[in-house]
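Beneath this line is the structure, given in C-alpha coordinates, with notes to follow.
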Amino acid sequence: SDVYKRQANRLCRLLTRYTTGSASSFNAQTNVNLNNKFVVLDVSDAQKDFLPVAMFLALDYVWDKCKENRNVNKCVFIDETWRLVCSDAPIEAANFVVEIFRTIRGFGGSAVAATQNIADFFSAGIGTAIIGNAKIKMILRSEKEEANAIGLTDEELKRVKTMDRGTCLLTANENHIFINVKATDTEEYLITTDPKARAAAKRRIEQKRTCAAFRR
(Lines give C-alpha, C1' and ligand atoms only; values in the text may rest on other atoms or scores of the structure.)
Protein backbone atom coordinates (compact mmCIF):
# COMPACT_ATOMS: atom_id res chain seq x y z
CA SER A 1 0.00 0.00 0.00
CA ASP A 2 2.97 2.32 0.62
CA VAL A 3 3.91 2.00 -3.04
CA TYR A 4 0.39 3.02 -4.10
CA LYS A 5 0.45 5.96 -1.70
CA ARG A 6 3.74 7.21 -3.10
CA GLN A 7 2.43 6.86 -6.63
CA ALA A 8 -0.79 8.65 -5.69
CA ASN A 9 1.12 11.48 -3.99
CA ARG A 10 3.37 11.90 -7.04
CA LEU A 11 0.36 12.01 -9.36
CA CYS A 12 -1.30 14.53 -7.06
CA ARG A 13 1.76 16.80 -7.17
CA LEU A 14 1.88 16.60 -10.97
CA LEU A 15 -1.81 17.44 -11.36
CA THR A 16 -1.74 20.27 -8.83
CA ARG A 17 -0.02 22.51 -11.37
CA TYR A 18 -3.00 22.09 -13.70
CA THR A 19 -5.75 22.30 -11.07
CA THR A 20 -4.73 25.05 -8.65
CA GLY A 21 -1.19 25.99 -9.74
CA SER A 22 0.42 28.07 -12.47
CA ALA A 23 -1.41 26.20 -15.26
CA SER A 24 -4.84 26.25 -13.62
CA SER A 25 -6.26 27.89 -16.77
CA PHE A 26 -6.56 24.33 -18.10
CA ASN A 27 -8.92 23.53 -15.21
CA ALA A 28 -11.93 25.48 -16.46
CA GLN A 29 -14.70 25.33 -18.99
CA THR A 30 -14.05 26.90 -22.37
CA ASN A 31 -15.61 30.25 -23.24
CA VAL A 32 -15.96 29.16 -26.89
CA ASN A 33 -19.25 27.87 -28.25
CA LEU A 34 -18.23 24.39 -29.40
CA ASN A 35 -21.56 23.97 -31.22
CA ASN A 36 -20.43 26.42 -33.89
CA LYS A 37 -20.07 25.04 -37.41
CA PHE A 38 -16.54 26.45 -37.58
CA VAL A 39 -14.28 26.11 -34.54
CA VAL A 40 -10.62 27.22 -34.42
CA LEU A 41 -8.27 25.88 -31.74
CA ASP A 42 -5.10 27.98 -31.72
CA VAL A 43 -2.21 26.72 -29.58
CA SER A 44 0.53 28.73 -31.30
CA ASP A 45 0.90 31.15 -28.36
CA ALA A 46 1.18 28.44 -25.72
CA GLN A 47 4.45 28.40 -23.79
CA LYS A 48 6.79 25.58 -24.75
CA ASP A 49 6.24 23.55 -21.58
CA PHE A 50 2.44 23.95 -21.89
CA LEU A 51 2.33 23.19 -25.62
CA PRO A 52 2.10 19.37 -25.29
CA VAL A 53 -0.90 19.66 -22.94
CA ALA A 54 -2.59 22.25 -25.17
CA MET A 55 -2.08 20.15 -28.29
CA PHE A 56 -3.31 17.01 -26.59
CA LEU A 57 -6.51 18.70 -25.36
CA ALA A 58 -7.16 20.27 -28.77
CA LEU A 59 -6.67 17.05 -30.71
CA ASP A 60 -8.62 15.01 -28.18
CA TYR A 61 -11.61 17.34 -28.61
CA VAL A 62 -11.30 17.33 -32.41
CA TRP A 63 -11.18 13.56 -32.60
CA ASP A 64 -14.13 13.11 -30.22
CA LYS A 65 -16.12 15.57 -32.33
CA CYS A 66 -15.26 13.69 -35.52
CA LYS A 67 -16.53 10.40 -34.09
CA GLU A 68 -19.65 11.92 -32.58
CA ASN A 69 -21.93 11.41 -35.59
CA ARG A 70 -21.02 9.49 -38.74
CA ASN A 71 -23.94 11.06 -40.64
CA VAL A 72 -22.60 14.61 -40.31
CA ASN A 73 -19.99 15.76 -42.81
CA LYS A 74 -16.95 17.33 -41.20
CA CYS A 75 -13.45 18.45 -42.12
CA VAL A 76 -10.40 18.91 -39.91
CA PHE A 77 -7.80 21.50 -40.97
CA ILE A 78 -4.43 21.14 -39.24
CA ASP A 79 -2.21 24.11 -40.01
CA GLU A 80 1.55 23.98 -39.38
CA THR A 81 1.26 20.21 -39.04
CA TRP A 82 5.02 19.83 -38.69
CA ARG A 83 4.75 21.19 -35.13
CA LEU A 84 2.67 18.14 -34.20
CA VAL A 85 4.67 15.45 -35.98
CA CYS A 86 8.32 16.58 -35.86
CA SER A 87 10.89 14.79 -33.72
CA ASP A 88 10.45 17.30 -30.87
CA ALA A 89 6.66 16.96 -30.72
CA PRO A 90 4.89 14.76 -28.14
CA ILE A 91 4.41 11.30 -29.59
CA GLU A 92 0.78 11.32 -28.39
CA ALA A 93 0.00 14.35 -30.55
CA ALA A 94 1.74 12.82 -33.57
CA ASN A 95 -0.17 9.55 -33.17
CA PHE A 96 -3.44 11.50 -32.95
CA VAL A 97 -2.73 13.17 -36.30
CA VAL A 98 -1.91 9.86 -37.97
CA GLU A 99 -5.05 8.26 -36.53
CA ILE A 100 -7.17 11.10 -37.92
CA PHE A 101 -5.79 10.63 -41.43
CA ARG A 102 -6.10 6.86 -41.32
CA THR A 103 -9.70 6.59 -40.13
CA ILE A 104 -11.55 9.88 -40.59
CA ARG A 105 -13.15 8.76 -43.87
CA GLY A 106 -14.90 6.04 -41.89
CA PHE A 107 -16.57 8.74 -39.80
CA GLY A 108 -17.85 10.71 -42.78
CA GLY A 109 -15.08 13.29 -42.70
CA SER A 110 -11.92 14.51 -44.33
CA ALA A 111 -8.65 15.98 -43.09
CA VAL A 112 -6.31 18.63 -44.46
CA ALA A 113 -2.71 19.04 -43.29
CA ALA A 114 -0.73 22.16 -44.21
CA THR A 115 2.96 22.63 -43.52
CA GLN A 116 5.83 24.82 -44.67
CA ASN A 117 8.60 22.67 -43.21
CA ILE A 118 8.54 19.42 -45.16
CA ALA A 119 11.89 18.29 -43.75
CA ASP A 120 10.61 18.57 -40.17
CA PHE A 121 7.37 16.96 -41.30
CA PHE A 122 9.27 13.76 -42.11
CA SER A 123 11.94 13.95 -39.40
CA ALA A 124 10.15 11.58 -37.00
CA GLY A 125 8.87 9.18 -39.67
CA ILE A 126 5.25 10.14 -38.94
CA GLY A 127 4.86 12.28 -42.06
CA THR A 128 5.16 9.24 -44.32
CA ALA A 129 2.04 7.70 -42.79
CA ILE A 130 0.09 10.92 -43.30
CA ILE A 131 1.22 11.33 -46.91
CA GLY A 132 0.37 7.70 -47.61
CA ASN A 133 -3.19 8.18 -46.41
CA ALA A 134 -3.75 11.50 -48.19
CA LYS A 135 -5.52 11.07 -51.54
CA ILE A 136 -4.92 14.65 -52.73
CA LYS A 137 -1.71 16.64 -52.31
CA MET A 138 -0.88 20.22 -53.29
CA ILE A 139 2.85 21.00 -53.46
CA LEU A 140 3.88 24.65 -53.62
CA ARG A 141 7.35 25.91 -54.50
CA SER A 142 9.86 23.77 -52.63
CA GLU A 143 13.50 22.85 -52.62
CA LYS A 144 14.37 19.62 -54.43
CA GLU A 145 15.35 17.86 -51.20
CA GLU A 146 11.97 18.70 -49.66
CA ALA A 147 9.78 17.89 -52.65
CA ASN A 148 11.67 14.65 -53.28
CA ALA A 149 9.98 13.16 -50.20
CA ILE A 150 6.64 13.29 -52.05
CA GLY A 151 7.87 10.94 -54.80
CA LEU A 152 7.90 13.19 -57.89
CA THR A 153 9.56 12.68 -61.25
CA ASP A 154 12.79 14.51 -62.12
CA GLU A 155 10.90 16.91 -64.40
CA GLU A 156 8.32 17.65 -61.68
CA LEU A 157 11.11 18.23 -59.15
CA LYS A 158 12.76 20.77 -61.45
CA ARG A 159 9.52 22.65 -62.00
CA VAL A 160 8.48 22.61 -58.34
CA LYS A 161 11.76 24.29 -57.44
CA THR A 162 11.13 27.24 -59.80
CA MET A 163 7.34 27.67 -59.65
CA ASP A 164 5.89 31.16 -59.32
CA ARG A 165 3.71 32.17 -56.39
CA GLY A 166 0.19 30.83 -56.85
CA THR A 167 1.28 27.82 -58.89
CA CYS A 168 1.19 24.36 -57.37
CA LEU A 169 1.41 20.73 -58.31
CA LEU A 170 -1.84 18.90 -57.64
CA THR A 171 -1.56 15.14 -57.23
CA ALA A 172 -4.52 12.79 -56.91
CA ASN A 173 -3.53 9.14 -56.86
CA GLU A 174 -1.51 8.67 -60.09
CA ASN A 175 -2.67 11.93 -61.68
CA HIS A 176 -0.29 14.90 -61.47
CA ILE A 177 -1.15 18.33 -62.88
CA PHE A 178 0.21 21.86 -62.42
CA ILE A 179 -2.45 24.47 -61.63
CA ASN A 180 -2.63 28.20 -60.93
CA VAL A 181 -4.55 29.20 -57.81
CA LYS A 182 -6.30 32.57 -58.18
CA ALA A 183 -7.59 34.34 -55.08
CA THR A 184 -10.64 36.58 -55.20
CA ASP A 185 -10.16 40.25 -54.36
CA THR A 186 -11.67 39.69 -50.91
CA GLU A 187 -9.42 36.70 -50.23
CA GLU A 188 -6.34 38.62 -51.35
CA TYR A 189 -7.29 41.59 -49.19
CA LEU A 190 -7.67 39.38 -46.11
CA ILE A 191 -4.63 37.16 -46.64
CA THR A 192 -1.85 39.10 -48.37
CA THR A 193 0.96 40.67 -46.36
CA ASP A 194 1.98 42.94 -49.24
CA PRO A 195 0.70 46.50 -48.47
CA LYS A 196 0.51 47.44 -52.16
CA ALA A 197 -1.40 44.29 -53.11
CA ARG A 198 -3.73 44.81 -50.16
CA ALA A 199 -4.45 48.41 -51.19
CA ALA A 200 -5.06 47.39 -54.80
CA ALA A 201 -7.44 44.61 -53.73
CA LYS A 202 -9.33 47.06 -51.53
CA ARG A 203 -9.75 49.48 -54.45
CA ARG A 204 -11.10 46.70 -56.67
CA ILE A 205 -13.57 45.65 -53.99
CA GLU A 206 -14.82 49.22 -53.57
CA GLN A 207 -15.14 49.66 -57.33
CA LYS A 208 -17.24 46.48 -57.60
CA ARG A 209 -19.49 47.68 -54.77
CA THR A 210 -19.94 51.04 -56.49
CA CYS A 211 -20.84 49.38 -59.79
CA ALA A 212 -23.29 47.03 -58.07
CA ALA A 213 -24.97 49.95 -56.29
CA PHE A 214 -25.20 51.90 -59.58
CA ARG A 215 -26.85 48.95 -61.37
CA ARG A 216 -29.51 48.73 -58.66
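The values are calculated or read from the model by the stated rules, or taken from the named source; none is laboratory data. The shown structure was predicted, so the numbers you read here are calculated from the model rather than taken from an experiment. In this analysis, Cβ positions are derived from the backbone assuming ideal geometry, glycine residues included, and neighbour counts consider all displayed protein chains. Only protein heavy atoms, including side chains, enter the accessible area calculation; ligands, DNA and RNA are left aside. Shrake-Rupley method; radii C 1.70, N 1.55, O 1.52, S 1.80 Å.
What the table below lists for this structure:
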item: Quotient of C-alpha Rg and 2.2 N^0.38 Å, computed over the chain; result: 1.31
item: Positive-end extreme of charge dipole, region 73-207 - chosen from I126, L170, S87 (charges on Cβ); result: L170
item: Where the Cα pairs of region 150-216 fall when distances are cut into 5 Å bins, in %; result: 3, 14, 17, 15, 12, 11, 11, 8, 5, 3, 1
item: Computed over region 1-72, Cα set: Rg, Dmax in Å; result: 16.1, 50
item: The chain - accessible surface per residue (Å², probe 1.4 Å); result: 73
item: Listed residues V39, I100, G151: farthest to the positive end of the dipole of the chain (Cβ charges); result: V39
item: Of all accessible heavy-atom area on the chain, the percent that carbon and sulfur account for (1.4 Å); result: 52
item: Residues in region 160-200 reached by a label modelled at A212 [backbone nitrogen below 13 Å; 7 Å Cα→Cβ]; result: 185-187
item: Nearest-10 value in Å² for the accessible area of D164, using the 1.4 Å probe; result: 110
item: Too-long pairs where the Cα-Cα distance tops 20 Å, listed order kept, from K137/K158; K182/K202; K137/K196; K37/K65; K74/K135; K182/K208; result: K137/K196
item: Gaussian network model of the chain, Cα within-10 Å springs - most flexible of A113, A200, A46; result: A200
item: Full-extension gain in nm, D45 to V112, via 0.36 nm per residue minus C-alpha separation; result: 22.0 nm
item: Approximate spin-label separation A134-C12, in nm, with each point projected 7 Å along Cα-to-Cβ; result: 4.7
item: Candidates S110, S142, S24, ranked by Gaussian network fluctuation over the chain, Cα under 10 Å, top entry; result: S24
item: Fully extended contour minus Cα-Cα distance, from N69 to S22, at 0.36 nm per residue; result: 13.3 nm
item: C-alpha center-to-center spacing [region 1-56, region 160-214] in angstrom; result: 40
item: Fraction of antiparallel bridges per DSSP, the chain only, in percent to nearest 5; result: 65
item: Solvent-accessible area of T128 with every protein chain in place, 1.4 Å probe, in Å² to the nearest 10; result: 90
item: In Å², nearest 10: area of R204 left accessible to a 1.4 Å probe; result: 80
item: F121, F56, ranked by accessible area, largest first (probe 1.4 Å); result: F56, F121
item: Net charge of Cβ neighbours under 14 Å - reference I177; Lys, Arg +1; Asp, Glu -1; result: -1
item: Whole-number percent relative contact order across the chain, with pairs defined as alpha carbons under 8 Å at least 6 apart; result: 11
item: Only Lys, Arg (+1) and Asp, Glu (-1) charged, at Cβ; region 70-216 dipole about Cα centre in debye; result: 1100
item: Simple spin-label estimate for E143 and T30 in nanometres, 7 Å along Cα-Cβ; result: 3.7
